[in-house]
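Comments concern the structure below.
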There are 2 protein chains.
Amino acid sequence: MKQTFHTLILFLAASFSANAQRPPAISSPDVHPDHSITFRYFSRTAQQVMLNGEFLQAPVPLVKDTSGIWSVTVPPVQPDIYPYSFMVDSVSLADPNNTYIFANERFKRSIVDIPGDIPLVHSMQNVPHGAIHYRYYQSSTLGSTRQLLVYTPPGFKNTEKRKYPVLYLIHGGSDTEETWTKVGHANFIADNLIAQGKAVPMIIVMPYGNVRPKPMPDFTKDVINDIIPFIENNYPVVKKAASRAVAGFSVGGGQTLNIGLTNTDKFGYICSYAPYTATEEFKTNFTNWSPDAEKLNKAVKLFTISVGTEDFLYESVQKNMAMFKEKNIKVKPYIVDGGHTWMNCKKFLATSLQELFK
Amino acid sequence: MKQTFHTLILFLAASFSANAQRPPAISSPDVHPDHSITFRYFSRTAQQVMLNGEFLQAPVPLVKDTSGIWSVTVPPVQPDIYPYSFMVDSVSLADPNNTYIFANERFKRSIVDIPGDIPLVHSMQNVPHGAIHYRYYQSSTLGSTRQLLVYTPPGFKNTEKRKYPVLYLIHGGSDTEETWTKVGHANFIADNLIAQGKAVPMIIVMPYGNVRPKPMPDFTKDVINDIIPFIENNYPVVKKAASRAVAGFSVGGGQTLNIGLTNTDKFGYICSYAPYTATEEFKTNFTNWSPDAEKLNKAVKLFTISVGTEDFLYESVQKNMAMFKEKNIKVKPYIVDGGHTWMNCKKFLATSLQELFK
């Protein structure tokens, strides 16, 4: 999808110009073999164009040529998928020439994918591919029809007698049900790890967690009362806690703790990534929590909390881990470099997928 | 998905402000009960903010309040789904507060959905819903792995002995394989018409048509040699021309003519929407075309060309229809008001779905 349909577009541009002012087709971003990247933006009238990217320490300026094309080439970047945006004078916007958009409700950023010399775990590789199903379920909790995404592993046909385990995977605070696939490449991570025999074939359910009016408790109800039954009625899955996992990032990491630890009869695996826990629901659930630790540690095969050392939630995560340890709950920390980013999310998920249902 | 996660976001905004300048959460667009719409944009520094929308004759200005929130309320708009964008000083951009983006490679526009008092054919209604599968196929023609979307009708489980007919549905010139679902609501149109008994349950395949280096002939090869075999190996479908249809819009409408009329052994239904035909492939295929009209008219159960009277391609479409008629090819015109728009695309598809495979 990345490359535009240049020749034809140039044809069409003239015809369309009556009803929309379309700038010329330019290529941005161009990732070079040495992992440097050129970004381009067209404007004859802008005074300043800056590049903001999660691979940069600070914004860098683009420079205009005589035709109105602004550009900058940044030095080689560590292969990964990064969000970026342009700041044109005072306006922050996604790269108009890049189809890949960060799926989010609050900002519009683009994504640049710098492939590794050896393919990365999140890259589309030459292995059998699963599918992503966009499905609609009726939420009795919320009184509406809602969309969710379902990853089915390679070769899945829904005809087999084989039953699969299920991971329920939740996005971050202003993300959408598409963020784990569009930005996190959860499907390619699963494809690659399954092909290598490092993960067991599983179904991954990616719901939309930003519910109203009470985001936290209502979403927990939606998962337990609506989403799990929908999946179990429509997919061949094992209906046991030992074959159910819940994982999530940021706000979804907090939801993961709330959903998982208060429903250990339903979830045998709980993987929380950089959890945001400054919520009423977390306070209600855990302030005076006195679980039967022995029973909980037996019910839950794996309880992990992952975080980057530069994450703005790092201190909060450390406090929560201390709280769980104080209550004799076994929690496995996974601490990496970096911040509150989707670069880290992909690492967290790739690590979890190798530990689930084994 | 539309509404943002206000309370939580306000919490998070402070925490995140270190690494990204996020404006306050504002609601845009707000569609009111009388079908008027309020659009909002936040900027303390912009000199001018304009709204461009396909429901407007000309751009309208937004007005700034003392807090830096620009807004405008437009009078009641005919219920439909429309693309729009903001022009902030010289910068055209999608609405930062609207999750619904027009899936396209060349521009970033948002979408506003004005529901009808009686639900429209493209609106999600309380009927059984099909699924959309995101699949990956290996293209021998193009030497790469490509994504396509597959709509499966309500109740589809791939376990039945029942075999379905297939519509291959192609997007416009700079659109993507997601445009027919994200902008065209092809899945909801099919759900609604199937529920009403007006369309037969079918599979709808939405490939990505912008291929390189030779967009037109290479895509035809990709459809015939790679996409059809992939679908027929992976879905329970009838493998006969009478159960295959091809349809497409604009550039995809031209591709539809090229693919369909040169492969009448494979397609019993050809539905071309506002076709763009100023291509080498069209010239090659049709300049000196002398088909056996009687045979073709018998092989093709339905050949339609749809266009709006204000479409910039209207004259070209009329010429092509005359050319087909001159060769005694039966072509059924479907002429509506309006231009080269996705509002018309939805009408064209809804009309075709009621005529296919009957």
Query - Residues (in contact with a Ser or Thr (Cβ under 9 Å, 6 or more places away or on another chain) and within 20 Å of A:Gln354 (Cβ to Cβ)) located in segment A:126-163 - result: A:His129, A:Gly130, A:Tyr151
Report summary line: Residue count, segment B:142-173, condition over 16 Å from the mean Cα position of the chain (by Cα) and of a type in the set (Gly, Ala, Ser), comes to 3
Report task. Out of A:Val166, A:Val200, report the one residue that is over 21 Å from B:Thr99 (Cβ atoms) and either touching a strand residue (DSSP E or B) at 6+ places or on another chain (Cβ under 6 Å) or among the aromatic types (Phe, Trp, Tyr) (or both). Result -> A:Val166
Query raised in the report: Of the residues that sit in segment A:27-64 and are β-branched (Val, Ile, Thr) and surrounded by 18 or more Cβ atoms within 10 Å (Cβ to Cβ), which one is farthest from the other protein chains (Cβ to nearest Cβ)?
Result: A:Ile37
Query raised in the report: Scanning for something within 11 Å of chain A (Cβ to nearest Cβ) and in contact with a His (Cβ under 6 Å, 6 or more places away or on another chain), does segment B:184-205 turn up at least one residue?
Result: yes
Query raised in the report: Is it true that some residue in segment B:72-89 is among the small types (Gly, Ala, Ser) and away from chain A (no Cβ under 14 Å)?
Result: no
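Residues checked against (1) on the phi > 0 side of the Ramachandran plot; (2) modelled with pLDDT of 95 or more; (3) not β-branched (Val, Ile, Thr):
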| position | (1), (2), (3) |
| --- | --- |
| B:Ser90 | no, no, yes |
| B:Ile114 | no, yes, no |
| B:Leu120 | no, yes, yes |
| B:Gly184 | no, yes, yes |
Query raised in the report: Does segment A:175-189 contain at least one residue that is touching a residue at least 24 places away in the same chain (Cβ under 8 Å) and over 18 Å from the mean Cα position of the chain (by Cα)?
Result: no
Report task. Inspect all residues belonging to segment B:277-294 and state whether any of them is in contact with a strand residue (DSSP E or B) (Cβ under 6 Å, 6 or more places away or on another chain), surrounded by 20 or more Cβ atoms within 10 Å (Cβ to Cβ), within 14 Å of chain A (Cβ to nearest Cβ) and not polar (S, T, N, Q). Result -> no
Query raised in the report: If you take the residues in segment B:129-148 that are farther than 16 Å from B:Val205 by Cα, of a type outside the set (A, V, I, L, M) and out of contact with any Phe, Trp or Tyr (no Cβ under 7 Å at 6 or more places or on another chain), which one is farthest from the other protein chains (Cβ to nearest Cβ)?
Result: B:Thr141
Report task. Would you mind finding the one in A:Phe303, A:Phe324, A:Phe312 that is at pLDDT 95 or above and surrounded by fewer than 18 Cβ atoms within 10 Å (Cβ to Cβ)? Result -> A:Phe312
Report summary line: B:Ser67 passes all but one of the listed conditions (1) more than 13 Å from chain A (Cβ to nearest Cβ); (2) farther than 25 Å from B:Leu169 by Cβ; (3) touching a Ser or Thr at 6+ places or on another chain (Cβ under 8 Å); (4) of a type in the set (Gly, Ala, Ser); the exception is number (3)
Query raised in the report: Can you name the strands (runs of 3 or more DSSP E) wholly within segment B:233-349 that have at least 3 residues being free of Cβ contacts under 8 Å to residues at least 60 places away in the same chain?
Result: B:302-308, B:332-336
Requested in this report: Select from segment B:149-176 the residues that are facing another protein chain (nearest Cβ under 10 Å) and of a type in the set (A, V, I, L, M) and write down the one among them that is nearest to B:Glu105 (Cα to Cα).
Outcome: B:Leu149
Report task. List the number of the failed condition for A:Ala103; all other conditions in (1) more than 28 Å from A:His171 (Cα to Cα); (2) buried (at least 18 other Cβ atoms within 10 Å of the Cβ); (3) within 13 Å of chain B (Cβ to nearest Cβ); (4) under 27 Å from the mean Cα position of the chain (by Cα) hold. Result -> (1)
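Here is a yes/no grid of residues against (1) in contact with a Leu (Cβ under 6 Å, 6 or more places away or on another chain); (2) under 23 Å from B:Met321 (Cβ atoms):
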| site | (1), (2) |
| --- | --- |
| B:Tyr208 | no, no |
| B:Ile224 | no, no |
| B:Lys240 | no, no |
| B:Val246 | no, yes |
| B:Gly252 | no, yes |
| B:Tyr269 | yes, yes |
| B:Thr277 | no, yes |
| B:Asn285 | no, yes |
Query raised in the report: Can we say A:Leu257 is buried (at least 18 other Cβ atoms within 10 Å of the Cβ) and in contact with a Ser or Thr (Cβ under 7 Å, 6 or more places away or on another chain)?
Result: yes
**Report entry** Residue check for A:Tyr84: touching a Gly at 6+ places or on another chain (Cβ under 7 Å) and either in a strand (DSSP E or B) or surrounded by 18 or more Cβ atoms within 10 Å (Cβ to Cβ) (or both)
**Finding:** yes
Query raised in the report: Quick one: is B:Ala199 among the hydrophobic types (A, V, I, L, M, F, W, C) and under 20 Å from A:Gln138 (Cβ atoms)?
Result: no
Query - Answer residue from segment B:132-141, given it is buried (at least 18 other Cβ atoms within 10 Å of the Cβ) and in contact (Cβ under 8 Å) with a residue 40 or more places away in the chain and is farthest from the chain's Cα centre (by Cα) among those - result: B:Thr141
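The values are calculated or read from the model by the stated rules, or taken from the named source; none is laboratory data. Given the structure is predicted, the values throughout are model-derived calculations rather than measurements. Virtual Cβ from ideal backbone geometry, glycine too; neighbours counted across all protein chains shown.
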